[in-house]
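> Just dropping this structure here.
Throughout, read-outs are computed from the coordinates displayed, never taken from laboratory work. Being a predicted model, the structure only gives us computed values, none of them experimental.
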């Protein structure tokens, strides 16, 4: 069961993050911060199944929604707002999950193609 936490975007708004804790029997000391693709939510079946699967394989996984999705809008935020939200998700995740990880991986369609 994922644990919810709040991400302060620094844009006078917050978004929700979900932490899927790694199975401690197979933990590999890695944290995956996963952004949803355009038009998808962290609550989609794919995101939930993917995050759960990674956690089962020993990888702490965090998902989050961008501001427009959290606010129920159809049109994506501007590039600067998307990037600010992703940077805030990274920062807040590092604060919210106190476990020491040797590796951090940032992923998702937007991240790969634009800001990371």
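> What does the helix-only formula give at 222 nm for the chain: each DSSP H stretch with n ≥ 4 adding -39500 (n - 2.57), the total divided by the residues, and the result rounded to the nearest 500 deg cm²/dmol?
Computed mean residue ellipticity for the chain: -9000 deg cm²/dmol.
> So, one more: Run the numbers for residue 56 and residue 103: contour at 0.36 nm per residue of separation, minus the present Cα-Cα distance, in nm.
So the chain would gain 15.2 nm between residue 56 and residue 103.
> Given the Cα-Cα distance of residue 5 and residue 25 and 0.36 nm per residue of separation, how much length would full extension add, in nm?
Contour length minus the Cα-Cα distance gives 4.8 nm.
> Taking the C-alpha atoms of the chain, how large are the radius of gyration and the largest Cα-Cα span, Dmax, in Å?
Gyration radius and largest Cα-Cα distance of the chain: 13.3, 41 Å.
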